[in-house]
Amino acid sequence: MQIGEKIEYFSDVSEIFHSGDDHIIKVYHQNVPRKIPLRELHNMVAACVLNLPVPRPDQLFEVNGRTGLRMQYINGYTLLEIMGKDPSTIEAAGAEMADHHVRIHSKSGQGFPTYDLRYNAVLSEFADANPAEGGEIRDLFNSMPGGTALCHGDFHPANIMLDGSKSFVIDWLDANAGPIEADIARTLMIIDYGGGEKVDAQSRARLRGSYLSRYMDSCSAQPNDEHMKNWYKILVELQSYMKSVRSRDVTK
Ligand SMILES: Nc1ncnc2c1ncn2[C@@H]1O[C@H](COP(=O)(O)OP(=O)(O)O)[C@@H](O)[C@H]1O
Ligand SMILES: [Mg+2]
């Protein structure tokens, strides 16, 4: 297996290396359970079968006790990098995100893990640690209607890559079958808070506006606004609880 130069990128889950001219390898850190790369490979294969624009997965292998996932190299930049270099592209990036998201949500999530698996453990932990707030969030979660659409699970501008005029959605680890409102709410939360103080409020507002209006204009199954607001509240509270106890749960 050819392992080439590292692609500079900070992550607490993996490192990315070139592998030949046409591939990269995502090498997961030693402490990451093997079910994580297995799940990512499974989700990528399933997304390819659905004809979604995903880097073609190649194979899993072991390197010094770590697992590597080899996949097609997308020779380009993420939407986050592109917007950072040229803020005039923010509106186009929001529209590009929405087009991908609508297409993903139009597919069935059958064969993907269900959305509740991702949250059950942390909801219980939060409710045990803080019965008032955590209990309220768990009750709100339990009151929300489920869903069976394909959801990406971590859909944001650093997980979309442009190669010339083609664009691809990467990072399928958290893909699930669930309610689209939860997936949209997560994207909105990341637009609103992701990246910390480096991102200014006006840029966030522009991206949110262009993403949401394009999504609403082009989606045939209109998302329920109240459900989206409830999901937003649930996800913000869970995120802030998780941040208070650990930087990121890599065992999920
Ligand atoms: N198939 C790919 N081709 C080229 N670069 C990639 C590819 N997959 C990931 N990368 C690069 O690695 C970074 C992290 O990859 P990602 O799968 O999103 O990992 P993480 O789970 O750590 O967010 C991306 O932002 C991108 O810069
Ligand atoms: Mg990513």
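Computed from the coordinates by the stated procedures, all read-outs in this text should not be read as laboratory data. Note that the coordinates shown come from a computational prediction; the quantities given were computed from them, not determined experimentally. Quick reminder, even Gly has a Cβ in these numbers, built from the backbone with ideal geometry, and neighbours come from all protein chains shown.
Quick one: length gained pulling E197 to D225 fully straight, 0.36 nm per residue minus the C-alpha distance? Each step should come with its number before you reach the end.
Details: separation 28, 0.36 × 28 = 10.08 nm, distance 2.81 nm.
Extending this stretch completely gives an extra 7.3 nm.
Over the stretch 77-245, what per residue volume does the convex hull of the Cα atoms give, in whole Å³?
On the way: hull volume 20.1 nm³, N = 169.
Looking at the stretch 77-245, the number lands at 119 Å³ per residue.
Based on other C-beta atoms within 10 Å, arrange E15, E181 from fewest to most. If you can, show how the numbers build up before the last one.
On the way: E15 17, E181 23.
Taking fewest neighbouring Cβ atoms as first place, the list is E15, E181.
By counting other Cβ atoms within 10 Å of each Cβ, how are Y9, Y211, Y193 ranked from fewest to most? Before the final figure, lay out each step's value.
Working: Y9 10, Y211 27, Y193 13.
Fewest to most other Cβ atoms nearby, the residues stand as Y9, Y193, Y211.
Using a 10 Å cut-off around each Cβ, can you sort S165, S124 from fewest to most neighbouring Cβ atoms? Walk me through the numbers on the way to the answer.
Numbers: S165 5, S124 12.
Ascending number of Cβ neighbours within 10 Å: S165, S124.
Counting just the Cα atoms, what span does the stretch 6-72 cover along each of its three principal axes? Round to the nearest Å and put the largest first.
32, 27, 20
For T67, which sequence-distant residues (separation of 5 or more, or a different chain) have an amide H within less than 5 Å of its own amide H, given hydrogens modelled in the peptide plane?
Counting only residues 5 or more places away or on other chains, the set is Y28.
Explain nothing, just compute: Karplus ³J(HN,Hα) = 6.51 cos²θ - 1.76 cosθ + 1.60, θ = phi - 60°, for every residue of the stretch 60-74 in order, whole Hz, x for Gly and Pro.
9, 8, 9, 10, 6, x, 10, 9, x, 10, 8, 8, 4, 7, 9
Of K6/K243; K6/K85; K107/K229; K107/K166; K35/K243; K166/K243, which ones are farther than 25 Å apart at the Cα? Let's see the in-between values first.
Working: K6/K243 28 Å; K6/K85 22 Å; K107/K229 23 Å; K107/K166 20 Å; K35/K243 23 Å; K166/K243 35 Å.
K6/K243; K166/K243, as the Cα separations exceed 25 Å there.
Could you tell me what percent of the DSSP beta bridges with both partners in the chain are antiparallel, to the nearest 5? Spell out each step's value before the answer.
Working: 29 of 30 bridges.
In the chain, DSSP labels about 95 percent of beta bridges as antiparallel.
Rounded to the nearest Å, what's the spacing between the alpha carbon centres of the stretch 20-63 and the stretch 71-100? Just the number, please.
Answer, in whole Å: 22.
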